[in-house]
1. Taking interchain pairs and intrachain pairs at least six residues apart, which have beta carbon atoms under 6 angstrom, with the first residue in region 98-113 and under 15 Å from Leu137 (Cβ atoms) and open to solvent by 30 Å² or more (accessible area, probe 1.4 Å) and the second in a strand (DSSP E or B) and modelled with pLDDT of 95 or more?
2. Suppose we filter region 80-91 for residues that are open to solvent by 60 Å² or more (accessible area, probe 1.4 Å) and more than 11 Å from the chain's Cα centre (by Cα); how many remain?
3. Checking the condition assigned to a helix (DSSP H, G or I), closer than 22 Å to Arg8 by Cβ and either of a type in the set (D, E, K, R) or out of contact with any Phe, Trp or Tyr (no Cβ under 8 Å at 6 or more places or on another chain) (or both), which residue from Pro28, Pro32 passes?
4. Scan region 69-79 for residues that are more than 13 Å from the chain's Cα centre (by Cα) and either under 15 Å from Ala19 (Cβ atoms) or open to solvent by less than 50 Å² (accessible area, probe 1.4 Å) (or both) and report the count.
5. Of all residues in region 54-68, which are small (Gly, Ala, Ser) and either open to solvent by less than 50 Å² (accessible area, probe 1.4 Å) or in contact with a Cys (Cβ under 7 Å, 6 or more places away or on another chain) (or both)?
6. From the list Glu52, Glu97, pick out the single residue that is at pLDDT below 95, part of a strand (DSSP E or B) and out of contact with any helix residue (DSSP H, G or I) (no Cβ under 6 Å at 6 or more places or on another chain).
7. Taking the stated definitions as given, is Phe108 of a type in the set (Phe, Trp, Tyr) and touching a Gly at 6+ places or on another chain (Cβ under 7 Å)?
8. Take the conditions out of contact with any strand residue (DSSP E or B) (no Cβ under 6 Å at 6 or more places or on another chain), part of a helix (DSSP H, G or I), open to solvent by less than 20 Å² (accessible area, probe 1.4 Å) and touching a residue at least 40 places away in the same chain (Cβ under 8 Å) and apply them to Gly124. Does it pass?
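The values are calculated or read from the model by the stated rules, or taken from the named source; none is laboratory data. This one's a predicted model, so the numbers in the text were calculated from it and none came from an experiment. Backbone-built Cβ (ideal geometry, glycine too); neighbour counts: all protein chains shown. Note: accessible area is taken over every heavy atom of the protein model, side chains too, but ligands, DNA and RNA are not part of it. Shrake-Rupley method; radii C 1.70, N 1.55, O 1.52, S 1.80 Å.
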Amino acid sequence: MASTSVSRIVPATPEKVWALVGGFDALPDWLPYIPESTALEGGRVRRLRNQEGGAVVERLVAFDEAERHYSYAILEAPFPVDGYLSTIRVHAVPGHENAAEVQWSGRFNPDGATEDEVVELFTGIYRDGLEALHRTLAG
C-alpha cells in the first residue's frame, strides 16, 4: 500500500478553517478545480465534478467534529488506484491563534500505475488543494 501526506499552515483560526473545509460537501467552496459537489445518501456520499466534467464519487467513512477531521474512500474515479482512503485534518498551531495546520493524507494501492506515479499524483492533488485553501483564506 502506498501513501502520501501534505501539510500547510493557513492564515485563519482552526475553527474558521474547519467551518470551511469540514463540510463533506464543501469542496467547491475552497477547491477551484471541483466546481460542483452533489450530496447523496443523506450527505454520506458526494459526487464531484471537476473542471473538465469528469466525475468522482466518494463515501464519508469517519467524521469527528471535535477533533476536526474526516476520512473518505473513493467509490468511482479515473485514478489508477484501488483501496483509496484519505483524511483531512485541521490542527491548532501552538502560539499562533490566527493560524491552523491542515493535513491532507491518503493511502491507496496502485492499479495500472507504479507506486511512485500514484504517490506523485496524490501529493500534487493535496499540495495544490491546500494552496487553493490558503488563497481562499488569505482573501
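1. Qualifying pairs under 6 Å: Glu101/Ser7; Glu101/Ile9; Glu101/His91; Glu101/Val93.
2. Of the residues in that region, 2 qualify.
3. Answer to the selection: Pro28.
4. Final tally of qualifying residues: 1.
5. Matches in region 54-68: Gly54, Ala62.
6. Selected residue: Glu97, the only one of Glu52, Glu97 that is at pLDDT below 95, part of a strand (DSSP E or B) and out of contact with any helix residue (DSSP H, G or I) (no Cβ under 6 Å at 6 or more places or on another chain).
7. yes
8. no
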